[in-house]
Amino acid sequence: MKTFPYIFFLFVVGHSYSQISDFEHIDFKTADSIALSYNKEELTNLPELSYKLTAHLNTDVERFRAIYRWVCANIANDYSLYLKNKRKRQRFKDDSLKFVSWNNDFRKTIFKKLLKNQRTICTGYAYLVKELAELANIECEIVQGYGRVSTTDIENLNLPNHSWNAVKLDGKWYLCDPTWASGIPDKTTNRFTFQYNDGFFLTEPELFAVNHFPVDERWWLLEDNIPTFDMFLSAPVIYGKAYENLALHNAPMQMHHDIKKYGNVAFQYELKGSAKTEHIQLVLDNGFDTWKIHPTSISINDTSLSFEHQFNSIGSYDVHFYLEDDLIATYTVKVSN
(Lines give C-alpha, C1' and ligand atoms only; values in the text may rest on other atoms or scores of the structure.)
Protein backbone atom coordinates (compact mmCIF):
# COMPACT_ATOMS: atom_id res chain seq x y z
CA MET A 1 0.00 0.00 0.00
CA LYS A 2 1.17 3.54 -0.65
CA THR A 3 1.94 5.79 2.31
CA PHE A 4 1.26 9.51 2.64
CA PRO A 5 3.45 11.90 4.65
CA TYR A 6 2.52 13.94 7.71
CA ILE A 7 -0.63 12.05 8.63
CA PHE A 8 -2.50 12.45 11.87
CA PHE A 9 -4.79 10.13 13.82
CA LEU A 10 -8.34 10.93 14.84
CA PHE A 11 -11.14 10.00 17.18
CA VAL A 12 -14.03 12.02 18.59
CA VAL A 13 -15.45 11.64 22.07
CA GLY A 14 -17.62 13.54 24.47
CA HIS A 15 -18.75 17.13 24.31
CA SER A 16 -16.26 19.95 24.67
CA TYR A 17 -16.68 23.35 26.23
CA SER A 18 -14.12 25.50 24.45
CA GLN A 19 -13.31 26.12 20.80
CA ILE A 20 -12.28 28.69 18.21
CA SER A 21 -15.95 29.45 17.48
CA ASP A 22 -16.12 31.18 20.86
CA PHE A 23 -14.21 33.99 19.13
CA GLU A 24 -15.93 34.04 15.75
CA HIS A 25 -16.72 37.71 16.35
CA ILE A 26 -12.99 38.52 16.51
CA ASP A 27 -11.11 39.59 13.38
CA PHE A 28 -7.51 38.44 13.75
CA LYS A 29 -6.20 40.45 10.80
CA THR A 30 -4.66 43.15 12.97
CA ALA A 31 -3.00 40.62 15.29
CA ASP A 32 -1.64 38.66 12.34
CA SER A 33 -0.38 41.82 10.68
CA ILE A 34 1.47 42.86 13.81
CA ALA A 35 2.99 39.41 14.21
CA LEU A 36 4.24 39.33 10.63
CA SER A 37 5.55 42.89 10.81
CA TYR A 38 8.12 41.73 13.37
CA ASN A 39 9.35 38.92 11.15
CA LYS A 40 12.92 37.84 12.01
CA GLU A 41 12.91 39.62 15.35
CA GLU A 42 15.53 38.02 17.61
CA LEU A 43 14.92 36.30 20.95
CA THR A 44 17.47 38.28 22.93
CA ASN A 45 14.82 40.24 24.82
CA LEU A 46 11.57 38.31 25.34
CA PRO A 47 9.81 40.98 27.45
CA GLU A 48 10.39 43.53 24.69
CA LEU A 49 9.22 41.11 22.00
CA SER A 50 6.07 40.26 23.93
CA TYR A 51 5.34 43.97 24.39
CA LYS A 52 5.84 44.74 20.68
CA LEU A 53 3.46 41.94 19.71
CA THR A 54 0.69 42.77 22.18
CA ALA A 55 0.79 46.42 23.26
CA HIS A 56 -1.62 47.72 20.61
CA LEU A 57 -4.22 44.94 20.81
CA ASN A 58 -7.39 45.16 22.87
CA THR A 59 -8.26 41.59 23.91
CA ASP A 60 -6.32 38.68 25.38
CA VAL A 61 -7.28 36.42 22.49
CA GLU A 62 -5.86 38.91 19.99
CA ARG A 63 -2.72 39.31 22.07
CA PHE A 64 -2.27 35.56 22.26
CA ARG A 65 -2.95 35.25 18.54
CA ALA A 66 -0.12 37.70 17.74
CA ILE A 67 2.28 35.75 19.95
CA TYR A 68 1.25 32.41 18.48
CA ARG A 69 1.46 33.61 14.87
CA TRP A 70 4.88 35.14 15.46
CA VAL A 71 6.24 31.88 16.88
CA CYS A 72 4.75 29.86 14.01
CA ALA A 73 6.23 32.25 11.42
CA ASN A 74 9.72 32.57 12.88
CA ILE A 75 10.74 29.34 14.64
CA ALA A 76 11.85 26.44 12.44
CA ASN A 77 11.30 22.79 13.29
CA ASP A 78 14.66 21.02 13.70
CA TYR A 79 13.83 17.47 12.65
CA SER A 80 17.37 16.15 13.05
CA LEU A 81 17.33 17.35 16.67
CA TYR A 82 14.02 15.56 17.17
CA LEU A 83 15.45 12.30 15.80
CA LYS A 84 18.50 12.55 18.04
CA ASN A 85 16.33 13.02 21.12
CA LYS A 86 14.06 10.14 20.09
CA ARG A 87 17.00 7.74 19.70
CA LYS A 88 18.54 8.67 23.05
CA ARG A 89 15.24 8.47 24.94
CA GLN A 90 14.57 5.00 23.57
CA ARG A 91 18.10 3.93 24.42
CA PHE A 92 17.85 5.08 28.04
CA LYS A 93 14.18 4.35 28.73
CA ASP A 94 15.02 1.41 31.02
CA ASP A 95 17.79 3.25 32.88
CA SER A 96 16.14 6.00 34.93
CA LEU A 97 19.40 7.73 35.91
CA LYS A 98 20.69 7.99 32.35
CA PHE A 99 17.22 8.95 31.11
CA VAL A 100 16.94 11.86 33.55
CA SER A 101 20.52 12.94 32.86
CA TRP A 102 19.91 12.94 29.10
CA ASN A 103 16.69 14.95 29.47
CA ASN A 104 18.42 17.57 31.61
CA ASP A 105 21.37 17.94 29.23
CA PHE A 106 19.17 17.92 26.14
CA ARG A 107 16.92 20.63 27.55
CA LYS A 108 19.94 22.95 27.58
CA THR A 109 20.66 22.07 23.94
CA ILE A 110 17.06 22.79 22.95
CA PHE A 111 17.06 26.27 24.46
CA LYS A 112 20.53 27.10 23.14
CA LYS A 113 19.45 26.28 19.58
CA LEU A 114 16.16 28.10 20.06
CA LEU A 115 17.78 31.33 21.25
CA LYS A 116 20.77 31.27 18.89
CA ASN A 117 19.34 29.81 15.67
CA GLN A 118 15.55 30.06 16.18
CA ARG A 119 15.35 26.34 15.50
CA THR A 120 13.84 23.88 17.96
CA ILE A 121 11.52 20.93 18.53
CA CYS A 122 8.06 20.83 20.11
CA THR A 123 9.35 21.52 23.64
CA GLY A 124 10.95 24.74 22.47
CA TYR A 125 7.84 25.88 20.60
CA ALA A 126 5.61 25.25 23.64
CA TYR A 127 8.10 26.93 25.99
CA LEU A 128 8.37 30.07 23.85
CA VAL A 129 4.60 30.44 23.47
CA LYS A 130 4.18 30.05 27.23
CA GLU A 131 6.90 32.57 28.08
CA LEU A 132 5.70 35.25 25.66
CA ALA A 133 2.08 34.75 26.74
CA GLU A 134 2.84 35.01 30.44
CA LEU A 135 4.89 38.16 29.84
CA ALA A 136 1.63 39.56 28.42
CA ASN A 137 -0.24 38.42 31.57
CA ILE A 138 -1.95 35.55 29.75
CA GLU A 139 -2.06 32.25 31.62
CA CYS A 140 -0.51 29.50 29.50
CA GLU A 141 0.74 25.97 30.17
CA ILE A 142 2.95 23.42 28.43
CA VAL A 143 1.15 20.10 27.91
CA GLN A 144 3.21 16.91 27.67
CA GLY A 145 1.87 13.85 25.91
CA TYR A 146 1.87 11.63 22.87
CA GLY A 147 1.60 12.85 19.30
CA ARG A 148 1.10 10.62 16.26
CA VAL A 149 2.34 11.21 12.74
CA SER A 150 2.89 8.90 9.79
CA THR A 151 6.35 7.84 10.93
CA THR A 152 5.30 7.01 14.50
CA ASP A 153 6.15 3.44 15.46
CA ILE A 154 2.88 2.46 17.13
CA GLU A 155 4.29 -0.77 18.52
CA ASN A 156 6.95 1.16 20.44
CA LEU A 157 5.01 4.28 21.37
CA ASN A 158 5.85 3.88 25.06
CA LEU A 159 7.20 7.32 25.94
CA PRO A 160 5.63 10.78 25.68
CA ASN A 161 6.97 12.31 22.46
CA HIS A 162 5.23 15.65 21.98
CA SER A 163 4.46 18.98 23.68
CA TRP A 164 1.82 21.64 22.99
CA ASN A 165 0.02 24.45 24.83
CA ALA A 166 -3.11 25.16 26.79
CA VAL A 167 -4.04 28.83 27.15
CA LYS A 168 -6.66 30.47 29.38
CA LEU A 169 -8.74 33.15 27.69
CA ASP A 170 -11.81 34.81 29.21
CA GLY A 171 -11.79 32.25 32.00
CA LYS A 172 -11.71 29.16 29.75
CA TRP A 173 -8.93 26.88 28.60
CA TYR A 174 -8.11 26.30 24.93
CA LEU A 175 -5.65 24.07 23.07
CA CYS A 176 -3.15 24.85 20.34
CA ASP A 177 -0.11 23.23 18.75
CA PRO A 178 2.44 25.75 17.44
CA THR A 179 4.83 23.01 16.27
CA TRP A 180 2.48 21.37 13.81
CA ALA A 181 0.92 24.71 12.86
CA SER A 182 4.23 26.21 11.78
CA GLY A 183 5.06 24.10 8.75
CA ILE A 184 6.38 20.83 7.40
CA PRO A 185 9.81 19.24 7.91
CA ASP A 186 11.17 17.24 4.98
CA LYS A 187 12.15 13.98 6.59
CA THR A 188 14.57 13.05 3.81
CA THR A 189 16.53 16.33 3.70
CA ASN A 190 15.78 17.66 7.23
CA ARG A 191 14.79 20.96 5.63
CA PHE A 192 11.86 22.87 7.04
CA THR A 193 9.21 24.78 5.07
CA PHE A 194 7.11 27.39 6.86
CA GLN A 195 3.45 26.70 6.02
CA TYR A 196 1.01 27.98 8.61
CA ASN A 197 -1.98 25.77 9.44
CA ASP A 198 -4.66 27.75 11.29
CA GLY A 199 -6.50 24.55 12.19
CA PHE A 200 -4.23 24.01 15.19
CA PHE A 201 -5.15 27.37 16.78
CA LEU A 202 -7.75 27.10 19.60
CA THR A 203 -8.88 23.81 18.10
CA GLU A 204 -12.09 22.07 19.12
CA PRO A 205 -10.87 19.64 21.83
CA GLU A 206 -12.70 16.69 20.26
CA LEU A 207 -10.82 17.28 17.02
CA PHE A 208 -7.55 18.03 18.81
CA ALA A 209 -7.78 14.57 20.37
CA VAL A 210 -7.15 13.22 16.89
CA ASN A 211 -3.39 13.12 17.31
CA HIS A 212 -2.77 14.41 20.85
CA PHE A 213 -2.92 12.22 23.96
CA PRO A 214 -2.01 14.29 27.07
CA VAL A 215 -0.34 12.63 30.03
CA ASP A 216 -2.44 14.76 32.38
CA GLU A 217 -6.14 14.01 31.87
CA ARG A 218 -7.26 17.55 32.61
CA TRP A 219 -5.76 18.77 29.33
CA TRP A 220 -8.25 16.83 27.23
CA LEU A 221 -10.68 19.69 27.99
CA LEU A 222 -13.46 17.17 27.50
CA GLU A 223 -16.37 16.93 29.90
CA ASP A 224 -16.71 13.14 29.72
CA ASN A 225 -15.83 9.99 27.74
CA ILE A 226 -12.06 10.46 28.01
CA PRO A 227 -10.35 8.29 25.35
CA THR A 228 -8.24 5.30 26.25
CA PHE A 229 -4.77 4.84 24.85
CA ASP A 230 -6.01 1.87 22.79
CA MET A 231 -8.62 4.12 21.18
CA PHE A 232 -5.86 6.58 20.35
CA LEU A 233 -3.79 3.86 18.70
CA SER A 234 -6.63 2.35 16.66
CA ALA A 235 -8.17 5.61 15.38
CA PRO A 236 -8.37 6.65 11.71
CA VAL A 237 -5.72 8.68 9.96
CA ILE A 238 -6.26 12.35 9.19
CA TYR A 239 -3.98 14.95 7.64
CA GLY A 240 -3.13 18.58 8.25
CA LYS A 241 -5.77 19.71 5.76
CA ALA A 242 -8.43 18.03 7.90
CA TYR A 243 -7.85 20.65 10.58
CA GLU A 244 -8.50 23.41 8.07
CA ASN A 245 -11.68 21.79 6.70
CA LEU A 246 -13.30 19.81 9.52
CA ALA A 247 -15.01 20.90 12.70
CA LEU A 248 -15.60 17.30 13.79
CA HIS A 249 -14.99 13.76 12.60
CA ASN A 250 -17.94 11.59 13.67
CA ALA A 251 -17.50 8.25 11.88
CA PRO A 252 -15.95 5.80 11.42
CA MET A 253 -14.19 5.61 14.75
CA GLN A 254 -11.53 3.07 13.75
CA MET A 255 -9.00 3.04 10.98
CA HIS A 256 -9.31 -0.67 10.09
CA HIS A 257 -12.50 -2.29 8.78
CA ASP A 258 -13.32 -5.89 7.89
CA ILE A 259 -16.47 -6.24 5.79
CA LYS A 260 -18.11 -8.71 3.42
CA LYS A 261 -18.34 -8.27 -0.34
CA TYR A 262 -21.07 -5.73 -1.26
CA GLY A 263 -20.84 -4.30 2.24
CA ASN A 264 -20.84 -0.55 3.01
CA VAL A 265 -18.67 1.73 5.11
CA ALA A 266 -20.32 4.93 6.40
CA PHE A 267 -18.49 8.25 6.87
CA GLN A 268 -19.75 11.30 8.80
CA TYR A 269 -18.15 14.72 9.31
CA GLU A 270 -19.00 18.24 10.41
CA LEU A 271 -17.41 20.78 8.07
CA LYS A 272 -16.19 24.28 8.84
CA GLY A 273 -17.73 25.53 5.61
CA SER A 274 -19.89 24.33 2.77
CA ALA A 275 -19.14 21.64 0.21
CA LYS A 276 -20.61 20.34 -3.03
CA THR A 277 -21.21 16.70 -3.88
CA GLU A 278 -18.75 16.90 -6.77
CA HIS A 279 -16.04 17.89 -4.28
CA ILE A 280 -16.36 14.58 -2.42
CA GLN A 281 -14.20 11.79 -3.76
CA LEU A 282 -12.34 8.70 -2.62
CA VAL A 283 -9.00 7.42 -3.86
CA LEU A 284 -8.70 3.64 -3.52
CA ASP A 285 -5.38 1.82 -3.49
CA ASN A 286 -5.21 -1.98 -3.49
CA GLY A 287 -1.43 -2.18 -3.57
CA PHE A 288 -1.32 -2.57 -7.36
CA ASP A 289 -3.51 0.20 -8.73
CA THR A 290 -4.86 3.55 -7.55
CA TRP A 291 -8.10 5.06 -8.82
CA LYS A 292 -10.51 7.88 -8.01
CA ILE A 293 -14.23 7.34 -7.44
CA HIS A 294 -17.22 9.16 -5.99
CA PRO A 295 -18.87 7.47 -2.98
CA THR A 296 -21.95 5.35 -3.62
CA SER A 297 -24.19 7.90 -1.87
CA ILE A 298 -23.58 11.41 -0.53
CA SER A 299 -25.69 13.63 1.76
CA ILE A 300 -24.86 17.26 2.59
CA ASN A 301 -27.07 19.20 5.01
CA ASP A 302 -25.64 22.65 5.69
CA THR A 303 -22.21 21.80 7.16
CA SER A 304 -23.01 18.15 7.93
CA LEU A 305 -21.49 15.71 5.45
CA SER A 306 -22.21 11.99 5.34
CA PHE A 307 -21.58 9.42 2.66
CA GLU A 308 -21.37 5.66 2.16
CA HIS A 309 -19.40 3.50 -0.18
CA GLN A 310 -20.14 -0.05 -1.21
CA PHE A 311 -17.21 -2.40 -1.83
CA ASN A 312 -18.06 -4.88 -4.56
CA SER A 313 -14.72 -6.66 -4.96
CA ILE A 314 -12.73 -8.67 -2.45
CA GLY A 315 -9.30 -7.38 -1.46
CA SER A 316 -7.54 -4.96 0.88
CA TYR A 317 -7.80 -1.23 0.25
CA ASP A 318 -6.37 2.01 1.50
CA VAL A 319 -9.28 4.45 1.26
CA HIS A 320 -8.32 8.12 1.05
CA PHE A 321 -11.01 10.78 1.43
CA TYR A 322 -10.47 14.01 -0.53
CA LEU A 323 -12.44 17.24 -0.25
CA GLU A 324 -11.68 18.91 -3.58
CA ASP A 325 -7.87 18.72 -3.74
CA ASP A 326 -7.35 18.41 0.03
CA LEU A 327 -6.46 15.01 1.44
CA ILE A 328 -8.55 14.70 4.60
CA ALA A 329 -8.41 11.16 5.96
CA THR A 330 -7.32 7.59 5.31
CA TYR A 331 -8.87 4.28 6.35
CA THR A 332 -8.18 0.64 5.50
CA VAL A 333 -10.87 -1.80 4.37
CA LYS A 334 -10.50 -5.55 3.97
CA VAL A 335 -13.27 -7.09 1.87
CA SER A 336 -13.87 -10.84 1.97
CA ASN A 337 -16.49 -13.28 0.60
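The values are calculated or read from the model by the stated rules, or taken from the named source; none is laboratory data. Given the structure is predicted, the values throughout are model-derived calculations rather than measurements. All Cβ positions, even for glycine, are placed from backbone atoms using ideal geometry, and neighbour counts span all protein chains on display. Heavy atoms of the whole protein, side chains included, go into the accessibility calculation; ligands, DNA and RNA do not. Shrake-Rupley method; radii C 1.70, N 1.55, O 1.52, S 1.80 Å.
Cβ neighbours within 10 Å, averaged per peptide: list 168-175, 66-73, 292-299, 208-215 in order, most packed at the top.
Going from most to least packed, we get 66-73, 208-215, 168-175, 292-299.
For the chain, with a Gaussian network of springs between Cα atoms less than 10 Å apart, report the residue from Gly263, Gly147, Gly199 with the top mean-square fluctuation.
With Cα springs under 10 Å in the chain, the top fluctuation among Gly263, Gly147, Gly199 is at Gly263.
Consider the candidate values [x] 5, 22, 27, 19, 12, 6, 3, 3, 2, 1, 0; [y] 5, 24, 32, 24, 11, 3, 0; [z] 6, 26, 32, 21, 10, 3, 1, 0, 0; state which one is P(r) over Cα pairs in 10 Å bins from 0, in percent computed from the structure displayed.
[y]
Take the alpha carbon gyration tensor of segment 220-284, find the square roots of its eigenvalues, order them as a ≥ b ≥ c, and report rounded if a/c is under 1.5; if not, report prolate when a/b exceeds b/c, else oblate. Please report the intermediate quantities before stating the final value.
Numbers: a/c = 2.11, a/b = 1.12, b/c = 1.88.
Here segment 220-284 falls in the oblate category.
Can you give me the relative contact order of the chain as a percent, contacts being Cα pairs under 8 Å and 6 or more apart? Numbers along the way, then the final one.
Values: 690 pairs, mean separation 66.5, N = 337.
About 20 percent, as a whole number.
Starting with the highest mean, order 228-241, 152-165 by the number of other Cβ atoms within 10 Å, averaged over the residues of each peptide.
Details: 228-241: 18.6, 152-165: 16.1.
In decreasing order of mean packing, 228-241, 152-165 become 228-241, 152-165.
Give the share of C-alpha pairs in each 5 angstrom bin for segment 116-218, from 0 to the last occupied bin, in whole percents, shortest bins first.
Each 5 Å bin holds this share of Cα pairs: 2, 11, 20, 26, 21, 12, 5, 2, 0.
Using only Cα atoms and rounding to the nearest 10 degrees, what angle (0 to 90) does helix 96-117 make with the longest principal axis of the chain?
70
Say the cut-off is 30 Å between C-alpha atoms; which of Lys40/Lys241; Lys113/Lys187; Lys116/Lys172; Lys29/Lys112; Lys52/Lys172; Lys187/Lys292 go over it?
Details: Lys40/Lys241 27 Å; Lys113/Lys187 19 Å; Lys116/Lys172 34 Å; Lys29/Lys112 32 Å; Lys52/Lys172 25 Å; Lys187/Lys292 28 Å.
Correct reply: Lys116/Lys172; Lys29/Lys112.
Going by a ≥ b ≥ c, the root eigenvalues of the Cα gyration tensor, does segment 254-337 fall in the rounded group (a/c under 1.5), the prolate group (a/b larger than b/c) or the oblate group?
On the way: a/c = 2.12, a/b = 1.69, b/c = 1.26.
It is prolate, given that a/c is not under 1.5 and a/b is the larger ratio.
Skipping prolines and chain starts, which residues have an amide H placed within reach, meaning under 5 Å, of the one on Val237, given they are 5 or more residues away or on another chain?
Sorted by chain and number, the residues that satisfy this are Leu10, Thr330.
Give the span of segment 156-308's Cα atoms along each principal axis, as three whole-Å numbers ordered largest to smallest.
47, 40, 30
Ranked from the most accessible area to the least, with a 1.4 Å probe and all protein chains present, what is the order of Arg65, Arg119? Please report the intermediate quantities before stating the final value.
Working: Arg65 15, Arg119 70 Å².
If we order Arg65, Arg119 from most to least accessible, we get Arg119, Arg65.
Pick from Val143, Val319, Val129 the residue whose mean-square fluctuation is largest in a GNM of the chain, springs joining Cα atoms under 10 Å.
Sorting by GNM fluctuation, first place goes to Val319.
If you take the square roots of the eigenvalues of the alpha-carbon gyration tensor of segment 110-171 and sort them as a ≥ b ≥ c, do you get rounded (a/c under 1.5), prolate (a/b over b/c) or oblate?
Numbers: a/c = 3.40, a/b = 1.46, b/c = 2.34.
It is oblate, given that a/c is not under 1.5 and a/b is not larger than b/c.
Excluding ligands, DNA and RNA, what is the solvent-accessible area per residue of the chain at a probe of 1.4 Å, expressed in Å²? Don't jump to the answer; show the numbers that get you there.
On the way: 16160 Å² over 337 residues.
Per-residue accessible area for the chain comes out at 48 Å².
About the Cα centre of the chain, how large is the charge dipole given +1 on each Lys and Arg Cβ and -1 on each Asp and Glu Cβ? Please answer in debye to the nearest 20.
Details: 35 positive and 42 negative charges, 320 e Å.
Dipole of the chain, to the nearest 20 debye: 1540 debye.
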